[in-house]
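All remarks here apply to the structure that follows.
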Amino acid sequence: MELQKYKNEKIALFGKPRAFGFDELQSILGRFNAELVSGYEDGVLLVVEGAVMPTPLRLKAEELYEEGSVEFCSVEEFEKAAAKAIEPKKVLMHLKLAANQEKIIAYLQNDYIDDTLFLEILKLYRFGGENFFENDTNRDVTAALIRRFYNEYEKNHNIQYSYIGLLGVVEQSEDPKLLETIFSLQPVQEALQNKNNPNTKLLTLFALHPASSTKILSSIVKSGNTEFIHTIAQREHLHETIQQTLLERNDPDINNALSHAKELDEPTIKTLIERGYANILSASLNLDQKRFDMLCENDSIAMNETLTKSMQKRLFKEEKHRRNLARNPACILTKELLALGDDTIRSLVYRYHNLEDTELSVDGYEASLAANPTTPKEVLEEIFSKNIHEANEALASNVATPVDILYQLSFDMRYAQKVKTNPAFGEHIKTLHAIGV
């Protein structure tokens with residue numbers, strides 16, 4: 001329904017509202033110059049049937065039904081329409097000026113207001129120096145937050161009263177606005193200054209969360225909490241301002257963590273090279289031609305899995321890079337490396353490269369081939385038939401090892417644990433259970 005339809009009209013509420021107070025509904029209807037009255041009066045166009053109607057009002061409603069002189073709607077339908085008609089700026093200003101925590105709580109428990117208004121009102125709530133579930137009102141507010149934003153709330157209503165539910169809201173969310181709002185709440189902010197605060201779990205999630213904004217990450221860095229700063233330094237990509245803030249600390253652990261990132265801005269790369277982290281950078285960074293030219297003299301660059309074919313060929317020309325190219329699973333110069341006739345390089349290629357369409361020499365390289373998930377099935381079977389301890393260990397962990405071989409290895413105590421932790425074997429067992437075998 002649309003309240004606009006009842007502009008300049010009189011609306012009767014039979015019984016009590018649910019989500020809003022009577023005064024709040026009156027205020028909302030004021031936008032349309034509509035009047036809300038309690039009980040029936042002459043001139044009423046719409047009757048709202050409340051959650052509980054006293055007997056006299058129920059009898060009056062039945063009489064009006066028979067007459068057909070007025071319209072009817074449920075209190076749920078009416079309050080949903082009222083929620084849509086709210087003027088957010090007006091409500092927020094009123095709540096700020098009144099500083100009435102009871103009204104704030106009432107709005108937060110109103111499931112009909114939209115998410116944007118909910119988050120703005122949540123910022124106004126004061127937790128009183130206590131934690132999310134430490135008193136009744138904090139618990140009610142936190143439950144309303146979880147109920148609204150937890151993805152699978154309908155499957156588990158009790159989650160709203162669990163700290164796990166709050167962690168789940170943060171972990172599941174892809175909305176930076178929601179994350180910023182939760183991060184701004186008093187219990188989380190207090191955890192920034194206290195390493196023993198139980199909400200450090202939440203801070204860890206914020207430090208790692210891919211949707212955490214620069215504002216959140218900057219606040220954590222500025223707090224000076226070393227543990228969380230190190231966590232942030234390990235993120236995939238950081239805004240340039242945060243990279244510079246981290247570099248200013250010139251902490252070896254932070255420098256090391258940054259050096260393992262796949263994406264860094266050029267000033268950060270140059271600073272880390274100057275500080276002696278070129279070898280780590282050359283193996284970790286996503287390479288373009290400029291970065292490659294900057295780092296190509298470092299031995300570890302041949303291990304970088306983002307090397308293009310032309311970059312690999314350039315490195316192959318220098319002997320010092322060949323063994324690391326052989327260790328690089330992304331290297332496509334398999335035939336060129338094998339053609340060198342070097343036993344160590346052949347062993348590394350057999351262990352790490354994609355061996356599809358590659359002619360293999362099994363003798364002497366059983367352990368390497370047994371560990372490679374691209375080794376053909378028939379080769380793995382041949383290796384198993386030789387009963388070589390080192391090769392059996394590798395077969396037990398290889399996701400490509402045929403299940404019948406894994407079963408046989410599982411009966412040998414030397415390999416049973418490796419088979420048990422082999423993901424392919426685990427999936428096989430799950431499938432058997434699923435079909436009732």
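The values are calculated or read from the model by the stated rules, or taken from the named source; none is laboratory data. These numbers come from a predicted model, not from an experiment. Heads up, the Cβs are rebuilt from the backbone with ideal geometry, glycines too, and the neighbour counts pull from every protein chain shown.
Looking for something within 39 Å of the chain's Cα centre (by Cα) and either surrounded by fewer than 17 Cβ atoms within 10 Å (Cβ to Cβ) or over 16 Å from residue 110 (Cβ atoms) (or both) - is there at least one such residue anywhere in segment 19-28? Taking every residue of segment 19-28 in turn, at least one turns out to be within 39 Å of the chain's Cα centre (by Cα) and either surrounded by fewer than 17 Cβ atoms within 10 Å (Cβ to Cβ) or over 16 Å from residue 110 (Cβ atoms) (or both). Listed by position, the helices (runs of 4 or more DSSP H) inside segment 167-215 whose residues that are over 21 Å from residue 245 (Cα atoms), touching a His at 6+ places or on another chain (Cβ under 7 Å) and aliphatic (A, V, I, L, M) number at least 2 form an empty set. Listed by first and then second residue, the pairs with beta-carbon distance under 6 Å, at least 6 apart or on different chains, first residue in segment 340-358 and under 18 Å from residue 316 (Cα atoms), second of a type in the set (Phe, Trp, Tyr) and not in a helix (DSSP H, G or I), are 347/365; 350/365. Evaluating residue 75 against the criteria (1) over 24 Å from residue 146 (Cα atoms); (2) surrounded by 14 or more Cβ atoms within 10 Å (Cβ to Cβ); (3) of a type outside the set (Asp, Glu); (4) out of contact with any Pro (no Cβ under 7 Å at 6 or more places or on another chain) leaves one unmet condition, (4).
For segment 295-304, state whether one or more residues are over 38 Å from the mean Cα position of the chain (by Cα) and surrounded by 18 or more Cβ atoms within 10 Å (Cβ to Cβ). No, segment 295-304 contains no residue that is over 38 Å from the mean Cα position of the chain (by Cα) and surrounded by 18 or more Cβ atoms within 10 Å (Cβ to Cβ).
In the list 162, 213, which residue meets the criterion of being modelled with pLDDT under 95, under 29 Å from residue 93 (Cα atoms) and surrounded by 15 or more Cβ atoms within 10 Å (Cβ to Cβ)?
Values: 162 fails: under 29 Å from residue 93 (Cα atoms).
Answer to the selection: 213.
Of 83, 143, 98, all but one fail to be among the aliphatic types (A, V, I, L, M) and under 15 Å from residue 28 (Cβ atoms); the exception is 83. In segment 45-59 there is at least one residue that is touching a Pro at 6+ places or on another chain (Cβ under 8 Å) and under 30 Å from residue 126 (Cβ atoms). Candidates are the residues of segment 104-137 that are in a helix (DSSP H, G or I) and without any contact (Cβ under 8 Å) to a residue 24 or more places away in the chain; the one that is surrounded by the most Cβ atoms within 10 Å (Cβ to Cβ) is 107.
With under 25 Å from residue 130 (Cβ atoms) and either modelled with pLDDT of 90 or more or under 15 Å from the mean Cα position of the chain (by Cα) (or both) as the only criterion, which of 227, 171 stands out?
Values: 227 fails: either modelled with pLDDT of 90 or more or under 15 Å from the mean Cα position of the chain (by Cα) (or both).
Step by step, each of 227, 171 is checked, and only 171 is under 25 Å from residue 130 (Cβ atoms) and either modelled with pLDDT of 90 or more or under 15 Å from the mean Cα position of the chain (by Cα) (or both).
How many of the residues in segment 146-166 are in a helix (DSSP H, G or I) and over 30 Å from residue 226 (Cα atoms)? Spell out the reasoning first.
Quick first cut of segment 146-166, residues in a helix (DSSP H, G or I) only: 146-149, 153-155, 157-161, 163-166.
Add one more test, that the residue is over 30 Å from residue 226 (Cα atoms), and what stays is 147-149, 153-155, 157-161.
Counting residues in segment 146-166 that are in a helix (DSSP H, G or I) and over 30 Å from residue 226 (Cα atoms) gives 11.
Scanning segment 42-97 for residues being part of a helix (DSSP H, G or I), in contact with a Cys (Cβ under 9 Å, 6 or more places away or on another chain) and charged (D, E, K, R) gives a total of 0. Taking segment 78-103 as the range and being under 14 Å from residue 120 (Cβ atoms) and among the acidic types (Asp, Glu) as the test, only 87 passes.
Identify all residues within segment 291-305 that are without any contact (Cβ under 8 Å) to a residue 12 or more places away in the chain and in a helix (DSSP H, G or I); write none if there are none.
Going through segment 291-305, the residues without any contact (Cβ under 8 Å) to a residue 12 or more places away in the chain turn out to be 293, 297.
If the condition is that a residue be without any contact (Cβ under 8 Å) to a residue 12 or more places away in the chain and in a helix (DSSP H, G or I), then 293 is the only one that fits.
Only one of the numbered conditions (1) exposed (fewer than 15 other Cβ atoms within 10 Å of the Cβ); (2) farther than 25 Å from residue 400 by Cα is violated by residue 322, and that is (1).
In this structure, residue 360 does satisfy being part of a loop (DSSP other than H, G, I, E, B) and surrounded by 11 or more Cβ atoms within 10 Å (Cβ to Cβ).
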